[in-house]
Amino acid sequence: MDEGILAEFLAESFENLAQVEHDLVALERDPEDRKRIGGIFRAVHTIKGTCGFFGFKKLEALAHAGENLLSRLRCGEIAFTPSLADTLLRLVDALHAILSAIETTRQEGDQEFAPLIEELVHLERAPSGAAAPPDSPSTAEAETGAPPRGGLLDPLIAEGRLDPDAVALAAQQQRLGDPRRIGEILVDNGALKPQDVLDALLARGEAPALAHGESTIRVDVELLDLLMNLVGELVLARNQLLQKVASSDLADLPGTTQRLNLITTELQEGIMKTRMQPIANLCNKLPRLVRDLSIACGKEVRLELEGIDTELDRTIIDAIRDPLTHLIRNAIDHGIETSEARLARGKAAEGRILVRAYHEGGKVHLEVTDDGDGLPIARIREKATRAGLVPAERIPRMSDRDWAQLIFQPGFSTAERVTNVSGRGVGMDVVKTNVERIGGAIEVDSQPGRGATVRIRIPLTLAIVPALIVAAAGERYAIPQVNLLELIRVEGDLASISITTAVDASLLRYRGGLLPLVDLRDALHVPADDAFPTPAGARPIAVLQADGATFGLVVDAVETSQEIVVKSLGDPLRQIPVFAGATILGDGKVALILDVPGLARHCGITVRGHAAMEEVVDETPAPVVPTQTLILCRAGGYPVAIPQSDIARLEEFPRGTIERLGERRVVQYRGGLLPLVPLAGLLGIGPDAALETAAEAPAGGASLQTIRVVVVEREGHAIGLAVEEIVEILEEPVVPEVSSRAGVRGSAVIRGHATDLLDLEALLASSGQPAMAAGA
């Protein structure tokens with residue numbers, strides 16, 4: 001068996017089945033859509049035709065029976081009904097089961113599908129213009145009155161939750177012309193509860209499945225061409241670097257290394273694009289999930305999808321499958337009312353679930369909204385108070401929104417009884433844990449009688465993330481910038497501003513409130529010794545946010561901001577709640593990545609932090625932070641911000657216009673010569689490859705053929721500061737942390753990244769850079 005051809009067959013078949021499932025659910029709303037029917041037939045026909053090549057007889061027989069039925073449906077000889085849809089969806093499940101077995105064991109598995117094939121043949125032979133219900137028994141069963149075989153109801157009968165005589169009576173009622181499914185008849189007759197059907201459906205493993213865990217992805221050919229070109233440039237840069245090192249000609253080594261940096265960055269971005277997949281890949285199974293669960297619960301539910309072309313890293317998509325499944329299940333099981341209850345309240349009989357995705361603030365936001373009854377806030381308040389989850393003094397100040405967030409507490413549940421679906425108090429807690437594990441956050445809003453919305457904020461990728469590198473007790477740690485709000489520095493002894501009488505923690509007066517403080521040394525239980533004594537005086541504070549709580553992390557020093565490659569931890573460290581992984585820094589040393597939500601829970605910030613902010617009200621008015629117009633640039637691979645008032649103009653020059661005057665590089669500009677200086681070099685973070693002449697520049701890559709220049713005028717003279725990229729012009733209220741570096745006013749979080757705010761006047765003065773008159 002050719003493994004390559006088999007893998008291609010499996011990938012194509014899984015993709016075709018996903019589309020068939022989607023089309024079958026859509027056909028229930030528009031049974032006359034001939035295009036969809038034709039597509040379903042072709043997909044099953046393709047599977048049947050190809051599997052014979054591999055000798056998969058069981059798969060071929062099942063697909064052949066389905067193809068014959070679909071052929072009559074395509075020709076209009078039989079009608080598409082909800083009952084027929086049930087059978088065809090079970091055909092999809094069966095084909096999927098066989099393909100999964102082949103993928104895992106290279107065999108078709110032991111499961112037998114003779115009853116389903118018999119049912120498909122029976123429907124295919126039905127008179128023209130009508131299709132028998134899928135639950136109808138075979139001829140032998142009709143004669144004996146036996147209940148249907150091999151169906152969803154068998155486990156319920158075996159468990160004693162369903163009387164087989166009631167099933168036989170419902171089957172007889174269906175044969176006499178009742179258009180309802182057997183399950184619906186049993187529910188309406190009182191012989192079966194909707195929850196029992198839902199339990200059986202979930203136990204059988206059909207409803208929760210969202211998608212096949214594919215091991216392959218599709219990549220656009222143009223993107224592959226770009227990656228190939230970048231790899232070529234990377235090889236050229238590597239060869240140049242090796243040649244210069246071998247010849248000891250190190251004069252142009254900085255330029256070569258900077259070019260290597262730029263190419264690596266573009267290659268990294270290209271590789272990341274290959275991992276990005278639309279959320280549609282996650283949502284393509286939701287229509288089937290909603291259909292099955294709504295039928296099982298005896299409710300009418302419509303699913304709407306928005307923004308499903310939003311892209312996420314493949315790892316993130318896989319990580320949120322289960323949380324999304326649980327949220328959809330909860331919305332149908334607990335949120336959406338029955339049609340009768342909705343009509344009594346003046347609502348439409350059909351409930352609505354909206355799954356919406358969009359980009360905002362460097363993250364992907366995923367919302368699941370239903371128009372059901374909303375959360376039972378009164379019951380949540382009662383059970384939470386009885387369980388002592390909220391301090392008594394805080395209860396009077398809690399809003400309905402605050403009470404709603406308690407559904408994410410471990411072990412908390414408002415269910416009246418325990419089922420396979422709900423009632424144990426672990427569902428929403430697990431959802432929250434899984435979301436936070438990938439660096440996300442989750443919250444819920446509820447409006448009584450109008451529905452609820454669960455919002456998830458997740459990062460775009462997990463493989464490479466921007467992070468702030470900090471130091472404590474001689475070790476370096478990485479803080480993901482998705483959790484970073486601001487960097488501040490407090491002058492003087494922190495003990496003089498801490499309040500220990502409110503809670504057992506240090507509190508900082510911060511923007512009109514009280515900010516809980518955590519010393520990273522204390523959190524990690526690092527003792528102070530002679531080698532690494534606790535720094536005296538002011539220490540930087542990283543203001544972090546996790547699980548809706550904000551706290552300050554006191555560190556010894558803030559080193560830099562950079563993109564890090566996330567490495568997983570081994571078993572001994574994986575159990576420590578304050579670490580999310582590790583990374584290797586530029587000097588080859590390992591830095592542990594802090595798990596900010598885990599650190600907050602470890603230090604008791606999640607609950608106590610909120611309480612601390614409310615216990616003591618600081619009446620000091622919040623300072624008014626003036627808005628500044630900033631030019632956000634990138635130099636040496638790092639973001640920097642320059643006040644617009646310090647800049648004369650922003651220019652772009654073709655690389656071919658760069659000329660040499662001794663050691664200096666200039667460009668003809670406005671009738672004179674404009675000196676060019678790499679901003680990265682002035683800041684001491686490396687040279688700038690943009691200042692290479694056309695002869696020195698590598699071939700290819702449009703971004704390497706143009707230089708971006710910030711023109712600064714000083715005392716009638718002009719100088720051009722070359723940057724890698726001019727990102728955007730923005731207006732931000734910025735309060736930078738004071739910096740001791742020459743030419744840097746301080747650092748602040750801008751657009752989610754720790755950014756240096758530059759003082760160009762001081763920077764140029766300290767560097768002694770010469771300037772030439774623009775008209776000289």
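At most 12 other Cβ atoms within 10 Å and a DSSP loop assignment: could you name the GluC sites (Glu not before Pro) in segment 1-65 that fit?
Here the GluC sites (Glu not before Pro) that fit, given the DSSP loop and packing criteria, are 32.
Calculate what fraction, in whole %, of the accessible area of segment 224-263 sits on carbon and sulfur atoms when a 1.4 Å probe is rolled over the protein chains.
65 percent
Can you pull out the trypsin sites (Lys or Arg not before Pro) in segment 9-41 that DSSP calls coil and that have at most 10 other Cβ atoms within 10 Å?
29
Give me a comma-separated list of calculated 3J(HN,Hα) values for segment 287-303, in order, Karplus coefficients 6.51, -1.76, 1.60 applied at θ = phi - 60°, integers in Hz, x for any Gly or Pro.
x, 5, 4, 5, 4, 5, 5, 5, 5, 5, 8, x, 10, 9, 9, 10, 9
Which Cα, out of 45, 19, 75, lies furthest along the positive dipole direction of segment 1-79 (beta carbon charges, K/R +1, D/E -1)?
75
Please give the net charge around residue 762, taking every other residue with its beta carbon less than 14 angstrom from that of residue 762, where Lys and Arg add +1 and Asp and Glu add -1.
-1
Which entries of 347/432; 285/567; 48/285 show an alpha-carbon separation above 28 angstrom in the structure shown?
From 347/432; 285/567; 48/285, over 28 Å: 347/432; 285/567.
The values are calculated or read from the model by the stated rules, or taken from the named source; none is laboratory data. Every value quoted in this text rests on a predicted model; they were computed, and no experiment measured them. Glycine gets a Cβ as well: all are built from the backbone with ideal geometry, and neighbour counts include every protein chain shown. When the accessible area is computed, the model is the full protein with side chains, heavy atoms only, and any ligands, DNA or RNA have been set aside. Shrake-Rupley method; radii C 1.70, N 1.55, O 1.52, S 1.80 Å.
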